[in-house]
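Everything on this sheet refers to the single structure shown next.
The values are calculated or read from the model by the stated rules, or taken from the named source; none is laboratory data. These numbers were taken from a predicted model, which means no experiment stands behind them. Here the Cβ positions follow ideal geometry from the backbone for every residue, glycine too, while neighbour counts run over all protein chains shown.
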Amino acid sequence: MATAADNVPREGLGESEAFVAFQERLSRIAKVDRPTLLIGERGTGKELAVRRLHFLSPRWQQPLVALNCAALAPSVLESELFGHEAGSFTGATRRRLGRFEQAEGGTLFLDEIGLLPMPVQEKILRVVEYGQFERVGSSETIQTNVRVVGATNADLPTLAKEGKFKRDLLDRLSFDVLFLPPLRERKDDIMLLAHHFANRMAQELGRRGVWEFTDGAVETLLQYPWPGNIRELKNVIERAVYQSPDPKIEAPEIVFDPFAPDGRPMVPSVETEVVSEVPPTAAAAPGPDRRPLPERMRELELDALQTALAETQYHQRKAAELLGLSYHQFRGLYRKYQEVLRGQNED
């Protein structure tokens, strides 16, 4: 007889302090039947976390339905979520059930929830508050019982202040907010995950033996800042296994950028990237700096944040100490500029 534990995903490996703390908190909130938000960078494993949350919850025997809000046009999202009646728009030849009805009794996972258009947010708010909605093209009210779990890398409180995300909906969804730690804060997990991905890829390719890494390869993997997190690590390791002639991966076989000339491994220097991306300072321009104060403050904060992260190899707690901030104060500052920092790591 199947149990909830049989369905809990095994892929979420880790023993670092940050990862274990996250898993413990997720296990606690899983048992509380309330909406939940997951905040994490791309590639941190948000979907795996939602699967674990669902299968540890009292709803584990009911459906887990997912929808990536970034994958559909705004005009399609409403129909995809709430369904539609035949003839409600061009091409609607028959009734179609939406994701809420498909997830009845279970969990609906809305990835990239910050991209939901305002009219859809209003309908979701009604579902969360009253458990009711209407299909597109219908006036019939449908009762539903679904737990909503949202995930994003966007700063939802800021979006709410800017009028791009409904404050009431944010309040309802944030019964608890879980922050997935990025891989650079999980240094103790990098090699654990690397071995897991290496041996699984070897098995897929039909190659025998237990795969290991030389000291140089280990050092290369640990020094890299992993802007793409676990997804990027998986790609790098699988590529190394595919290219390695024997089950001992060496540093030259670790290629971070497959577009690099001759397949050479590209290990970007955090310090080099930060310096090259820092905007020109006011001192470089003639005359006094007459820019507005908010613009100058933004430059000062971003420069301090980049420098602290570079000096601590993207260890956020150490960076917070370097700046004289509490960890929570640092997280707030980091989230304020995370799009800029992420863009620089991706360049």
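With the structure loaded, tell me whether residue 206 is out of contact with any helix residue (DSSP H, G or I) (no Cβ under 9 Å at 6 or more places or on another chain) and farther than 29 Å from residue 26 by Cβ or whether it fails that test. Yes; evaluated as a whole, the condition is true for this residue.
In the range 106-128, the qualifying residues are those that are part of a loop (DSSP other than H, G, I, E, B) and in contact with a Pro (Cβ under 7 Å, 6 or more places away or on another chain), and the one that is farthest from residue 168 (Cα to Cα) is 106. On inspection, residue 205 fails the criterion of being buried (at least 20 other Cβ atoms within 10 Å of the Cβ) and either assigned by TED's automatic domain parsing to the domain that holds residue 129 or over 27 Å from residue 40 (Cβ atoms) (or both). Among the residues of the range 213-235, just one is surrounded by 15 or more Cβ atoms within 10 Å (Cβ to Cβ) and of a type in the set (Asp, Glu), namely 232. Residues being modelled with pLDDT of 70 or more, over 25 Å from the mean Cα position of the chain (by Cα) and surrounded by 12 or more Cβ atoms within 10 Å (Cβ to Cβ) are represented in the range 323-344 by at least one member.
Look through 97, 125, 156, 169 and report the one residue that is within 17 Å of the chain's Cα centre (by Cα) and of a type outside the set (Asp, Glu). Unique residue meeting the criteria: 156. Of the residues making up the range 181-194, those that are out of contact with any strand residue (DSSP E or B) (no Cβ under 8 Å at 6 or more places or on another chain) and part of a helix (DSSP H, G or I) are 183, 184, 185, 187, 188, 189, 190, 192, 193. Residue 43 passes every criterion in (1) at negative phi; (2) in contact with a Pro (Cβ under 9 Å, 6 or more places away or on another chain) apart from (1). The residue that is nearest to residue 136 (Cα to Cα), counting only those in the range 44-90 that are aromatic (Phe, Trp, Tyr) and outside any helix (DSSP H, G or I), is 89.
Residue count for the range 129-173 under the criterion of being assigned to a helix (DSSP H, G or I), touching a residue at least 40 places away in the same chain (Cβ under 8 Å) and surrounded by 18 or more Cβ atoms within 10 Å (Cβ to Cβ): the result is 3.
Each row is one residue, and each column tells you yes or no for (1) surrounded by fewer than 20 Cβ atoms within 10 Å (Cβ to Cβ); (2) touching a Ser or Thr at 6+ places or on another chain (Cβ under 6 Å); (3) modelled with pLDDT of 95 or more; (4) among the small types (Gly, Ala, Ser).
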{"site": "34", "(1), (2), (3), (4)": "yes, no, yes, no"}
{"site": "52", "(1), (2), (3), (4)": "no, no, yes, no"}
{"site": "72", "(1), (2), (3), (4)": "yes, no, no, no"}
{"site": "93", "(1), (2), (3), (4)": "yes, no, no, no"}
